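What follows is a short report on a single structure.
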Amino acid sequence: MNKSIYLFLVLILSSCNDWFDAQPQGNIGEEQLFSDETAFLNALAGIYTQLRENTLYGEQLSVSSLEFMAQNFVPDDEISKSLTAYDYSTPENQKMIHDIWRDMYNAIAACNKTLEHIIATEIVFNFTGQREIITGELYALRGALHFELLRMFHPHPSVAPSFKGMPYMTTFGSETGPALSTGELLEYIIHDLKHAAKLLYKTDPLFSAYNNSDEQPGKLSRKLRTFHMNYYAVTAELARIYLYKKEYQQAYNYADTTFHHIRQMNPSYQVFYYFGPGKYNSDKSFSREHIFGIASGPTGLTQVAENMFGERQIETCQSFKIIYPSAKDTRYRDWFQLKANTTDRFILSEKFSRESLLSGYTSTTSETKELPVRIPFIKLGEVALIAAEALNELNRTNEAAEWVIELQNNRDIDFIKDLKNTGTLTKARLAEEIRAEYHREFYGEGQLFFFHKRMNDTQLIRYDGKQFDMPATKYTLPIPANGLSVN
């Protein structure tokens with residue numbers, strides 16, 4: 001990797017020296033911060049740095065709290081037990097919820113401050129399209145982060161369509177906007193994401209093949225676009241949101257658009273693609289399938305995972321072998337190990353371990369290094385399942401099946417292919433298999449809880465294998481006691 005690209009990635013991965021780490025509450029020294037193009041790049045990198053904090057995707061919104069709430073792991077202490085019981089009233093859980101609310105809105109505030117300045121600035125950017133790219137990413141992040149808050153703190157619209165709880169923050173400052181309904185919030189979110197897509201369309205380096213001129217100081221590199229909210233991350237997020245709204249044709253359209261990168265780009269220049277069995281053995285998290293993932297330092301997600309599965313030896317749920325019925329499944333083989341001195345207890349020991357390294361991101365400056373595991377935000381597997389579910393709901397089951405077959409081919413299993421070949425595939429059976437894939441594909445990633453919420457599942461299987469009733473109210477986190485104050 002060219003030295004300038006590596007140094008830019010170090011900026012993203014750095015924690016203690018970033019400006020936003022020094023002033024994480026958004027108290028931005030404007031004259032100092034926004035005086036040149038590099039300052040905008042630094043501000044954007046600072047926002048991504050905020051997202052990898054333990055209160056957000058570095059722990060609570062990935063491998064930890066949301067996974068206990070999805071019943072994926074056997075609780076081993078009082079905090080994890082309270083999460084599996086959906087007791088949000090404990091002091092520990094109240095603090096966790098408050099921290100998520102505060103830090104997500106702090107990241108949104110940083111987006112708003114940077115947007116205010118990049119829209120008003122008269123600075124001439126050195127590279128064509130770079131101003132549009134940065135602006136597009138900021139709008140995309142603002143929309144996507146509001147949606148993350150919405151699916152945590154608002155009931156699903158099919159349950160309580162008129163519920164009002166969150167504000168949509170579009171300006172920087174201590175004053176918050178009014179509490180909005182879920183429908184109103186979704187309109188704002190979609191508007192921001194569509195505006196981002198318009199700004200990023202064709203300006204995003206993903207649309208061009210790689211050449212040496214990409215590796216210039218201060219220029220956003222296509223090699224690193226999956227560390228950013230790139231154009232296809234925006235279309236993937238729109239597919240996710242339209243599925244949440246049950247607008248299936250729109251969900252399919254955006255999912256299909258996301259796969260254009262694979263269909264239209266020479267394989268040598270693809271930055272995300274199906275990992276496939278046997279590729280890059282050290283990359284246990286299948287990072288090449290991340291359409292957008294958040295960079296994590298060596299002591300970030302990896303350290304959290306090693307604490308959970310190495311020191312604490314937290315086990316997978318008792319129905320683990322039902323979730324992964326085939327030992328051929330690459331996820332079963334690459335992510336899990338038998339717990340020591342057991343014959344039927346498993347731990348998620350490999351997926352986010354220190355040995356799971358990102359391939360293809362190496363430095364040749366002084367020594368060769370591979371980057372630590374990345375935190376997945378949205379990836380190919382989810383987009384394929386969105387397309388399949390949307391088509392199935394539109395009664396286009398045979399087309400829908402092909403999306404699942406392609407995913408399963410790259411997991412070394414052929415459940416849907418066999419059903420289709422034998423003529424026994426039905427709409428209901430495909431829906432069951434899509435549900436099963438949500439269990440298999442996102443283990444340890446914080447997505448299964450949101451699937452159950454979106455499907456309005458009234459009964460779940462507990463970590464101990466027992467079925468229990470799930471009230472709709474438990475899918476919604478309580479807005480912190482300080483209400484709309486985001487400090």
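For the range 410-437, backbone nitrogen atoms closer than 15 Å to the point 7 Å from residue 395 Cα along Cα-to-C-beta are found at 427-428. The simple spin-label model puts a point 7 Å past each Cα toward its Cβ; for residue 38 and residue 187 those points are separated by 4.4 nm.
Note on residue 216/residue 98: beta-carbon distance plugged into 1/(1 + (r/R0)^6) with R0 of 45 Å gives a FRET efficiency of 0.55. Comparing 422, 117, 49 along the charge dipole axis of the chain, the residue lying farthest to the positive side is 422, per the Cβ-charge model.
The H on the amide N of residue 165, modeled in the peptide plane, is under 5 Å from the matching H of 180, each at least 5 residues off or on a different chain. With neighbours defined as other Cβ atoms within 10 Å of a residue's Cβ, the residues 226, 343 order from fewest to most as 343, 226.
Around the amide H of residue 291, modelled in the peptide plane, lie the amide H atoms of 378, 379, 380, all under 5 Å away and 5 or more residues distant in sequence or on another chain. Shown for 158, 64, 349: other C-beta atoms within 10 Å of each C-beta, ranked fewest to most, produce the order 158, 349, 64. As a quick test, which of the pairs 246/351; 194/246; 328/453; 164/245; 95/284 have an alpha carbon distance above 23 angstrom in this structure? Correct reply: 246/351; 328/453; 95/284. Among 229, 166, a tally of other beta-carbon atoms within 10 Å of each Cβ gives an order, fewest to most, of 166, 229. The mean of 1/r over all distinct Cα pairs in the range 137-276, once inverted, gives the Kirkwood hydrodynamic radius of 16.5 Å.
Distance from the Cα centroid of the range 286-344 to that of the range 119-139 is 39 Å (rounded to whole angstrom).
Each reported figure results from applying straightforward, stated rules to the coordinates on display, with no laboratory input. Just so you know, these numbers come straight off a predicted model, no measurement behind them. Every residue, glycine among them, receives a Cβ derived from its backbone with ideal geometry; neighbour counts consider all protein chains shown.
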